[in-house]
Amino acid sequence: LPGSIHLLRSAEEIARDTEALYGAPNATYDRYIAPYLAQLKSDIERAGQAADVVLVVSHSGGQYNETVDAYTKYVNGFVRSCGADAVIGHHPHVIQPCECDNGVPIAYSLGNFVCDFLNNTSVEKANSVIDPAYSVLLNLYLTKRGKTVEIRAGYRILKTIMENSVSVTAEAYALYRKTRDAALRRDILFYANRFAGTDTIRQLRREYALFGGAPVSRTPAGKADV
């Protein structure tokens, strides 16, 4: 069923199930999946008629998967083809690389935002080497230019820390300025590069520009106020 492939399974199993269910019409596809995709397409198109910019927040992807699975790529690609101007993903609990697909920014996973170290046995069982304490704050900047709306994207690295026995999410750059922790500095650069899908970032910044700071999406304006 749609949504059932996101469980914690191997990338190979997810890829096989995705191909079986979505690769060609079959009884399960006709009964369950086709109506689901049709409704999703209708929802996005209806939103596009009422707004200048359509942002889709997707809850998909295997827990603690370091790479984007086939099911998530399929659904997010479908969402993009329906007219979404940006897709923002959650659920894997760890930072995954983002990409720009035909002018549409797709952030497959921003991470946990808050990682509960006090009662989170799933973190202890996860095999991922990507630390779930780190996450991304994604900022989308919308600017009206004549008859279009430009979207630029920037991001900041966050980290969950313990304060008075409570999990608190802090801006990693500000935390480094306070502590000057060398390991924290390495982590910030690692996750900044990981999210952007590059290895060229060498300098700490409070916020990084995605895709060189250039507009990643231009949509017709005039349907609603931004």
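The values are calculated or read from the model by the stated rules, or taken from the named source; none is laboratory data. Nothing here was measured: the structure is a model prediction, and the numbers come from that model. Cβ placement follows ideal geometry from the backbone for every residue including glycine, while neighbour counts extend to all protein chains displayed. In case anyone asks, the SASA skips ligands and DNA or RNA and just uses the protein heavy atoms, side chains included. Shrake-Rupley method; radii C 1.70, N 1.55, O 1.52, S 1.80 Å.
Summary of values
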{"read-out": "Filtered residue count, segment 1-49, keeping only those that are open to solvent by 80 Å² or more (accessible area, probe 1.4 Å), at pLDDT 80 or above and either in contact with a helix residue (DSSP H, G or I) (Cβ under 7 Å, 6 or more places away or on another chain) or under 15 Å from residue 69 (Cα atoms) (or both)", "value": "3"}
{"read-out": "Scope segment 63-75; condition more than 27 Å from residue 50 (Cβ to Cβ), open to solvent by 30 Å² or more (accessible area, probe 1.4 Å) and not aliphatic (A, V, I, L, M); matching residues", "value": "63, 66, 67, 73"}
{"read-out": "Enumeration of residues in segment 76-93 that are without any contact (Cβ under 8 Å) to a residue 40 or more places away in the chain and open to solvent by less than 10 Å² (accessible area, probe 1.4 Å)", "value": "76, 79, 87, 89, 92"}
{"read-out": "Of all residues making up segment 143-190, the number that are of a type in the set (Val, Ile, Thr), at pLDDT 95 or above and closer than 19 Å to residue 107 by Cβ", "value": "2"}
{"read-out": "Residue that is modelled with the lowest pLDDT [pool: residues in segment 50-83 that are in a loop (DSSP other than H, G, I, E, B) and among the charged types (D, E, K, R)]", "value": "69"}
{"read-out": "Subset of segment 155-193 (residues that are surrounded by fewer than 17 Cβ atoms within 10 Å (Cβ to Cβ), among the polar types (S, T, N, Q) and not in a helix (DSSP H, G or I))", "value": "164, 165, 169"}
